[in-house]
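Participant: Before anything else, here's the structure in question.
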Amino acid sequence: MPKKLSRIFCAAICALVLAACGRQEAEAPGTRRVFLMYSAAFSNLSPSIHSNEKQLYEGDDLPFVGSDDVLLIYSHHTSKGGVYNIPTNPILCRAYKDMTGSIRKDTLIVYPDTDISASAETLRKVLTDVQDLFPASNYGLLVSSHGKGWIPPGYKEESPSIFSVDSTKELGQEAVDNSGIDIRDLPGAIPMHLEFFIMDACLMGCVEVAYELKDQCDYIVFSPTEILSYGMIYPPMLRRLLVSGKPDLQAVCEDYMEYYNAQTGSYNSATITLVDCSKLDALAAACAPLTEKYRTAIGKLDRNKVQAYFYNELHWFYDLRDIFAQAGASLTELAQLDAALDECVLYKDATPTFFGLKLLRVCGLSSYIPMPERESLNNYYKTLSWNKATGLIQ
């Protein structure tokens with residue numbers, strides 16, 4: 001049976017099963033809000049992400065059966081910690097409270113153990129199944145996995161001219177070959193318009209990532225630095241995203257910072273950003289003339305003087321505003337850029353440091369400073385929508 005027909009058949013069977021259980025509301029769109037947690041966790045993050053899933057559905061705010069609010073969890077984990085040579089089946093579940101208040105988890109679809117969750121193909125397949133099973137007015141997506149910003153598939157810091165097939169990839173990285181989603185493929189992997197997209201993955205808070213997704217979702221929550229393995233703060237998340245009627249994404253960000261600000265030592269390390277995607281074109285319009293005027297100066301910057309969002313060897317993530325400030329932009333020019341940033345970045349916050357890296361000048365979005373010696377990386381960057389809009393690399 002062709003894959004598309006197989007998915008349609010599977011979705012139809014699941015819909016019939018739901019109806020047979022007395023949940024016919026899964027057939028009509030109405031004002032339903034659907035929230036999907038997508039866990040691409042066949043990796044060393046499996047224990048942490050599994051804990052996050054439980055935190056999400058074991059809270060008091062889990063929707064009741066018959067509610068217009070739907071919580072779905074796509075879950076792909078290792079068979080046990082550190083075991084990567086045994087394939088496992090990803091599953092799509094619906095979590096809810098039954099009429100007695102007991103927590104229920106219905107398995108809707110069991111996917112083949114050959115599916116790579118950290119891939120554009122699988123993400124699109126799952127989101128299409130979600131759309132078929134639960135037609136809705138509003139969809140929200142949270143992806144939890146490894147992340148590496150806009151960096152292309154297979155690129156390694158130590159190999160400036162080579163894309164290696166086994167390195168960490170853009171969004172999502174699992175302990176199998178060919179995992180990882182090229183940021184350019186991400187919009188095409190989302191078949192519906194998203195009300196919000198939360199990325200519980202490292203280094204995704206890049207202007208390049210946001211701009212690639214600007215037409216696919218209304219709001220994005222992500223971090224310009226890495227995210228500790230504990231991840232986002234899940235216990236209050238359903239209250240913020242479903243129960244309130246309208247998603248309170250700033251509260252999600254505030255919960256995150258409240259938790260990490262209360263930690264000590266290296267655990268007191270976090271950044272978070274909320275972006276209004278409808279304002280990204282205006283941000284690009286503000287950056288384009290500055291990029292044209294200061295392109296040469298940007299290329300000659302002492303990167304050690306620019307606010308970075310990395311503390312190790314990942315030399316690709318610098319503060320967008322500070323790049324122009326260090327390149328010589330005037331106060332008037334920076335004020336115009338600030339106005340565009342204020343419209344686009346609805347919320348940003350950071351701990352004083354991240355693993356020892358001082359976070360002094362934080363606009364909430366990272367960007368790239370071209371490195372002449374990284375020809376393959378620069379050629380890839382030319383294909384990104386942000387570069388086409390602002391002309392950083394000619």
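Participant: Can you pull the one-decimal nm distance between simple spin-label points at Glu375 and Asn312, each 7 Å off the Cα toward Cβ?
Facilitator: 2.9
Participant: Here are labelled values, (i) 58, 43, 41; (ii) 71, 50, 41; (iii) 66, 41, 39, and one is the computed Cα extents along the principal axes in Å for what I pasted. Which one?
Facilitator: (iii)
Participant: Neighbour counts of other C-beta atoms within 10 Å: give me Lys148, Lys305 arranged from fewest to most.
Facilitator: Lys305, Lys148
Participant: State to the nearest 20 debye the size of the charge dipole of the chain about its Cα centre, where the only charges are +1 on K and R beta carbons and -1 on D and E beta carbons. If you can, show how the numbers build up before the last one.
Facilitator: Values: 35 positive and 48 negative charges, 60 e Å.
I would put it at about 280 debye.
Participant: Please work out the FRET efficiency for the pair Asn85 and Thr296, using the Cβ-Cβ distance as r and a Förster radius of 30 Å; give the result to the nearest 0.05. Spell out each step's value before the answer.
Facilitator: Working: r = 51 Å, r/R0 = 1.69.
It comes to 0.05.
Participant: Please arrange Glu174, Glu58, Glu254 by how many other C-beta atoms lie within 10 Å of their C-beta, fewest to most. Before the final figure, lay out each step's value.
Facilitator: Numbers: Glu174 25, Glu58 12, Glu254 18.
Fewest to most other Cβ atoms nearby, the residues stand as Glu58, Glu254, Glu174.
Participant: Is the C-alpha gyration tensor of the stretch 309-394 telling us rounded, prolate or oblate? Criteria: a/c under 1.5 is rounded; beyond that, a/b larger than b/c is prolate, otherwise oblate. All intermediate terms of the calculation are to be shown ahead of the outcome.
Facilitator: Numbers: a/c = 1.83, a/b = 1.16, b/c = 1.57.
Because a/c hits 1.5 or more and a/b fails to exceed b/c, the stretch 309-394 counts as oblate.
Participant: Another question, then. Tell me, what is the percent relative contact order of the chain, built from C-alpha pairs under 8 Å that lie six or more residues apart? If you can, show how the numbers build up before the last one.
Facilitator: Values: 853 pairs, mean separation 57.2, N = 394.
Reported as a whole number, the value is 15 percent.
Participant: Identify the GluC sites (Glu not before Pro) of the stretch 285-394 meeting these criteria: DSSP loop state and at most 11 other C-beta atoms within 10 Å of the C-beta.
Facilitator: Values: sites: Glu292, Glu313, Glu333, Glu343, Glu373, Glu375; in loops: Glu313, Glu373.
Listed in order of number, the matching sites are Glu313, Glu373.
Participant: May I pose another question? In terms of modelled amide H atoms, which long-range or inter-chain residues lie less than 5 Å from the amide H of Tyr347?
Facilitator: Leu274
Participant: May I ask you to sort Arg32, Arg321, Arg303 by Cβ crowding, counting other Cβ atoms within 10 Å and putting the fewest first? Mind showing how you got there, number by number?
Facilitator: Values: Arg32 18, Arg321 22, Arg303 12.
Least to most surrounded, the residues fall as Arg303, Arg32, Arg321.
Participant: Sticking with the crude label model, points 7 Å out along Cα→Cβ, report the distance from Ala262 to Asn304 in nm, one decimal please.
Facilitator: For Ala262 paired with Asn304, the spin-label model returns 4.0 nm.
Participant: Filter the chymotrypsin sites (Phe, Trp or Tyr not before Pro) in the stretch 277-311 down to the DSSP loop ones having no more than 12 other Cβ atoms within 10 Å, then list what survives. All intermediate terms of the calculation are to be shown ahead of the outcome.
Facilitator: Working: sites: Tyr294, Tyr309, Phe310, Tyr311; in loops: Tyr309, Phe310, Tyr311.
Nothing satisfies the criteria.
Participant: Run through the DSSP bridge list for the chain and note the antiparallel percent, rounded to the nearest 5. List each step's numbers first, then the result.
Facilitator: On the way: 30 of 57 bridges.
Here the antiparallel bridges make up roughly 55 percent for the chain.
Rule-based calculations on the coordinates, nothing more; no lab input. What you are looking at is a predicted structure, and each value in this text was computed from that prediction instead of being measured. In this analysis, Cβ positions are derived from the backbone assuming ideal geometry, glycine residues included, and neighbour counts consider all displayed protein chains.
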